[in-house]
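Let me begin by presenting the structure, written as structure tokens, before commenting on it.
The values are calculated or read from the model by the stated rules, or taken from the named source; none is laboratory data. Model, not experiment: these values are computed from the prediction. No Cβ is skipped: glycine too gets one built from the backbone with ideal geometry, and neighbour counts run over all protein chains shown.
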Amino acid sequence: MVHLTDRYIPAIGGVESHIFNLCKVLNQKGIETEVITSDIYSVNPLLYIRRPKDTMSVKTKRGFRILPLPQGLGLVSPGMLNELNGDIIHAHGFGRFPTFLWWVAKSKRKPFIITTHSDAGRQHLSKRIFDLIVRRLTIQNADAIIAVSRHEKNYLLRLGVEESKVTVIPNGVNLNEMEKFRNNAMHLPDTIVFAGRMDIQHKGLDILLQALSILVHQRHIKAKLYLAGPEVGSSYAKLFRLARQYDVLSNMVILGTLKRASLLKLISDSTLLVLPSRIEPFGIVILEAMALGTPVVASAVGGIPELLSGGRLGMLVKPEDPYCLADGMQQILLDRSKFRKYSEIALEGVKAYSWDKIAEATLLLYKSIL
């Protein structure tokens with residue numbers, strides 16, 4: 001099986017993590033997989049990487065930016081065209097270069113699958129036009145499409161994708177990896193963690209800092225916010241300006257990009273994980289927090305309500321509402337019974353998202369296509 005992606009680990013992101021874990025488990029099940037990717041590490045700014053030796057087969061091709069489009073949509077990697085030799089070609093992304101290569105797979109009579117990792121987002125005119133173009137040039141030509149949530153499936157159906165082509169297979173989490181951190185979790189009082197790309201607009205970090213200010217200055221609650229993740233543009237400087245504006249500079253720590261073990265320890269040692277996103281197709285970090293026994297407070301957008309079972313496995317709050325976000329965080333910070341409730345019930349609910357189960361579902365789809 002060949003997996004196509006424009007970026008791959010050690011580049012940081014949910015898609016990169018998804019492909020790595022899926023291929024790892026498929027290999028363990030005796031299914032030979034190969035990842036074809038580019039040498040692009042980050043999009044903004046555009047950085048390249050010399051990839052370290054991997055434990056599974058990874059081929060890296062030179063990436064180029066041909067158009068100044070956001071989110072890496074203007075990137076191409078022509079070297080991928082000569083590498084589509086597996087029994088199934090599985091591309092990842094929505095409008096990314098690998099998903100346009102269906103015609104190469106068709107010419108070789110290879111089945112072509114796309115996992116879109118997509119979200120409706122904000123439906124302004126240019127976004128609607130872009131989505132329709134992407135559907136016609138990529139998705140509708142695939143033999144099968146994987147959506148990571150029912151929310152994403154419904155979005156694809158609204159674009160006009162045939163329902164018979166769409167299978168829902170969610171992202172997963174490595175439960176064994178989480179166990180040792182969960183067993184040593186400290187869950188220190190008054191600690192809040194955000195983990196993800198420091199995309200202020202998409203992740204709602206401006207709303208988070210307003211909510212933090214409400215907790216600290218209006219409700220006199222001790223709280224320390226730790227922000228872990230890669231910078232997007234000049235987002236660190238913008239976050240410091242916002243923190244000064246809301247007078248929470250002493251209550252906020254930007255940790256930057258952490259090594260995997262350090263990140264998991266941070267989440268397991270916190271009272272809660274917060275994800276105040278405006279746009280969120282899924283949110284793998286939510287699964288990780290659940291598996292670590294750390295309660296989640298998150299915006300009810302995208303695939304998050306589905307992931308948190310409508311609020312049963314974590315606390316859902318109204319998006320773009322700092323007071324509602326402050327209310328949710330306050331309940332977990334001050335009420336130990338609610339902390340224990342969400343911690344314990346999430347540990348049970350997250351078992352449905354083990355990578356072993358996700359790989360089995362993917363393998364069933366492969367077999368049906370072959």
Does the range 108-124 contain at least one residue that is surrounded by fewer than 22 Cβ atoms within 10 Å (Cβ to Cβ) and assigned to a helix (DSSP H, G or I)?
no
From the options Leu209, Leu275, Leu258, Leu264, residue that is more than 30 Å from Ser337 (Cβ to Cβ), in the same structural domain as Ala195 (by TED's automatic domain parsing), touching a helix residue (DSSP H, G or I) at 6+ places or on another chain (Cβ under 7 Å) and of a type in the set (A, V, I, L, M, F, W, C)
Leu258
Anything in the range 285-307 that is closer than 15 Å to Glu348 by Cβ, assigned to a loop (DSSP other than H, G, I, E, B) and of a type in the set (Val, Ile, Thr)? List them, or say none.
Thr294
Let me spell it out: the conditions are (1) surrounded by 15 or more Cβ atoms within 10 Å (Cβ to Cβ); (2) closer than 24 Å to Arg62 by Cα, and Leu137 meets all of them except one. Which number is the exception?
(1)
Does any residue of the range 17-32 turn out to be acidic (Asp, Glu) and surrounded by 15 or more Cβ atoms within 10 Å (Cβ to Cβ)?
no
Go through the range 88-110 and give me each residue that's free of Cβ contacts under 8 Å to residues at least 40 places away in the same chain and under 17 Å from Arg65 (Cα atoms).
Phe100
So, restricting to helices (runs of 4 or more DSSP H) that lie completely within the range 190-284, which ones have at least 1 residues that are crowded, with 17+ Cβ neighbours inside 10 Å and of a type in the set (Val, Ile, Thr)?
200-203, 205-213, 260-268
Being surrounded by fewer than 13 Cβ atoms within 10 Å (Cβ to Cβ) and closer than 30 Å to Leu333 by Cα is the filter here; which residues of the range 160-179 pass it?
Asn176, Glu179
Please enumerate the residues belonging to the range 141-159 that are touching a residue at least 24 places away in the same chain (Cβ under 8 Å) and surrounded by fewer than 16 Cβ atoms within 10 Å (Cβ to Cβ).
Arg150, Arg158
